[in-house]
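A short write-up of the structure that comes next.
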Amino acid sequence: MNWAKLKNILIFIFIILNIILGYMNYKKKVEAFTLKAEQEANIKKLLYDSNIIIYTLLPQKYPPMRKLILQPKYIDDDEERNILKVIFEDTENIRISTETTEENEEKTIYYKDNKKIEFLTGRIFYEADLTSEDILVYNKEQSKKLADKFLDDLGYNLSKLEYDFREENGSYIYYYYEKYGDNIIYNSYIEFVIKPQGIEKVNIYKMEPVRYTGLSRSIYAPDEILFGFKNQIESTQKPDEIVVIKKIDIGYLIEDNMWNKEGEGVPYYRIILGDGRYFYINAYTNEIL
């Protein structure tokens with residue numbers, strides 16, 4: 001008998017068996033943190049019976065998650081000059097001033113014509129006086145093109161941003177959120193206020209991931225989160241009021257909302273209602289922030 005050949009066959013079989021077992025374990029773990037159709041149907045019916053209607057897809061995966069350290073992104077001189085050139089179109093005849101904020105932080109403000117731009121740690125604020133401007137935005141599609149072009153000119157990759165939209169007092173409001181992998185970073189976003197005359201305000205908050213921290217912890221499933229949300233919203237819900245959930249997603253949020261320093265991003269679900277209200281729910285504890 002050729003023992004060397006038999007040994008190689010046995011090793012090959014052993015490797016194949018390990019691959020199969022590894023795949024089966026992986027599949028078992030994935031299925032353990034996947035929202036089942038029965039779970040989804042049950043929570044939708046339970047919410048419907050309480051006049052809460054879901055008009056969105058639910059997150060299907062909820063694997064254990066680690067916390068994520070985030071820090072304000074430093075804006076260097078080159079980036080600052082590029083932003084000024086993009087928004088002001090050139091860097092001629094710009095007026096400059098500095099102010100100290102209530103947090104004792106110094107900010108630089110640039111003025112040109114009817115526009116101004118403020119720079120702080122990890123933050124950029126833009127505002128324009130549009131009172132004398134002609135109307136150029138007539139619908140949502142045109143306002144979205146304006147916001148997209150603004151971000152594209154600043155070098156953002158639109159395919160890597162998640163956005164929300166609402167109308168408020170005759171203005172179009174957009175929020176574009178940066179992502180880390182498949183998860184949204186709720187503290188890193190761009191807010192647009194667009195009026196019929198054009199872009200009136202842009203608030204940019206720039207937070208960047210540093211590292212994961214701590215051990216992976218189990219998070220609540222989407223149906224459990226929605227059940228807790230139902231109990232919470234029912235305490236303020238008016239009789240016969242219909243609550244519409246237009247979006248539910250998951251990402252990282254710094255709970256103390258400190259924009260100018262490093263912080264610990266905790267996994268949170270976010271529920272957005274049709275009336276524009278936002279609810280952030282801790283994915284570890286199922287508690288509403």
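Among the residues making up the stretch 82-96, those that are within 30 Å of Gly265 (Cβ to Cβ) and either surrounded by fewer than 17 Cβ atoms within 10 Å (Cβ to Cβ) or assigned by TED's automatic domain parsing to the domain that holds Lys246 (or both) are Asn82, Val86.
Do we find that Pro59 is in contact with a Phe, Trp or Tyr (Cβ under 6 Å, 6 or more places away or on another chain) and part of a loop (DSSP other than H, G, I, E, B) in this structure? Criteria not met by Pro59. Residues of the stretch 161-204 that are closer than 18 Å to Gln142 by Cα, touching a residue at least 40 places away in the same chain (Cβ under 8 Å) and acidic (Asp, Glu): Asp164, Glu168, Glu200. For the stretch 168-186, the condition holds for at least one residue, the condition being that it is within 17 Å of Arg123 (Cα to Cα), among the aliphatic types (A, V, I, L, M), assigned by TED's automatic domain parsing to the domain that holds Val86 and touching a Phe, Trp or Tyr at 6+ places or on another chain (Cβ under 6 Å).
Within the stretch 133-154, which residues are out of contact with any strand residue (DSSP E or B) (no Cβ under 7 Å at 6 or more places or on another chain), part of a loop (DSSP other than H, G, I, E, B) and under 22 Å from Glu92 (Cα atoms)? Across the stretch 133-154, the qualifying residue is only Leu154.
Taking the stretch 115-131 as the range and being more than 13 Å from Ile83 (Cβ to Cβ), of a type outside the set (A, V, I, L, M, F, W, C) and assigned to a strand (DSSP E or B) as the test, only Glu127 passes. Restricting to the stretch 93-142, count the residues that are farther than 22 Å from Lys73 by Cβ, among the charged types (D, E, K, R) and more than 28 Å from the chain's Cα centre (by Cα). So the answer is 6.
The values are calculated or read from the model by the stated rules, or taken from the named source; none is laboratory data. As the structure is a computational prediction, the values presented were derived from the model and not from experiment. As a convention, Cβ positions derive from the backbone with ideal geometry for all residues, glycine included, and neighbour counts pool all protein chains shown.
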